[in-house]
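Beneath this line is the structure, given in structure tokens, with notes to follow.
Taken together, the values in this text are just the output of simple stated rules run on the coordinates, not laboratory data. Not measured: the values here are computed from a predicted model. Positions of Cβ are backbone-derived with ideal geometry, glycine not excepted, and every protein chain shown enters the neighbour counts.
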């Protein structure tokens, strides 16, 4: 009965009037869903893949797959006042027993102005298309209760104008970055900071299965700051972060830190020995979950796993089991320049 009630709650929420965006616990590994200006902010070239599954223990799981890639377009040119970057972001989200599916593809374009050797400020915009669909025969409706139990043979009595529709989407963001460069990172006392603000869905696309214009997607405002702080004369660094999302009546705040240990510094001359590190972290999402995270980096490849322990009012049903998340990032220098891949 508890699982049935929970399934009904999340099913109604998925079809609810004010839909919310997908979210990840490892938001730094999905940079273009955080801010379109993150295209080219930190790397010449990067690619990210994310997979998240949630509520497996209490209902038909919610599953999200995301992938993105971005690249600096003129990083091989010296003495430029800034660099232009482009990126592409895709996600597929499937929610609940009704198999409510959302697909979205966005293209980002950003320009990062160099204020001096260490500081840049970037402006990014994105536009793209989304498609949303669901299976109206997959749900369990109140009209299918026969007075004793659920009867799938009874008609649902629900009417939907569209079981599938498409929409145009657009937004913009600003990002500030500070980096002290690799020379200081070798002594492990370097510092890198990212901070930004973005607005998604500025055109308020229609988001309703019931009737045109009945539901417009709320704008989502994203603000964040994260850093990598090397602890000098040690092989350790701290990577604190805070991410805040506002969308209609919903507020999400995720904060915490990773604790990174450098296992091998890597060879700067020959490249035969690769830089290797491991990070363990803990985060808290307001009124929702405690997140534990572990990741490992080898050369330009980073992979990891995060798990949400539910601490909300749903713990009666969830037994604190929330969501599992896997993430992977690959970075390298501009493949069209003469330099070798970054360590």
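Descending by average beta-carbon neighbour count within 10 Å, the peptides 30-41, 251-262, 191-202 line up as 30-41, 191-202, 251-262, the highest first. Classify segment 190-255 as rounded, prolate or oblate from the Cα gyration tensor: take a ≥ b ≥ c as the square roots of its eigenvalues, call it rounded if a/c is under 1.5, otherwise prolate when a/b beats b/c and oblate if not. Since a/c reaches 1.5 and a/b is larger than b/c, the shape of segment 190-255 is classed as prolate. Between residue 253 and residue 195, the contour length at 0.36 nm per residue exceeds the Cα-Cα span by 19.4 nm. Fully extending the segment from residue 294 to residue 131, taken as 0.36 nm per residue of separation minus the present Cα-Cα distance, adds 55.4 nm. Calculated FRET efficiency, residue 309 and residue 178, Cβ-Cβ r, R0 35 Å, to nearest 0.05? Given R0 = 35 Å and the Cβ-Cβ separation, E is 0.60.
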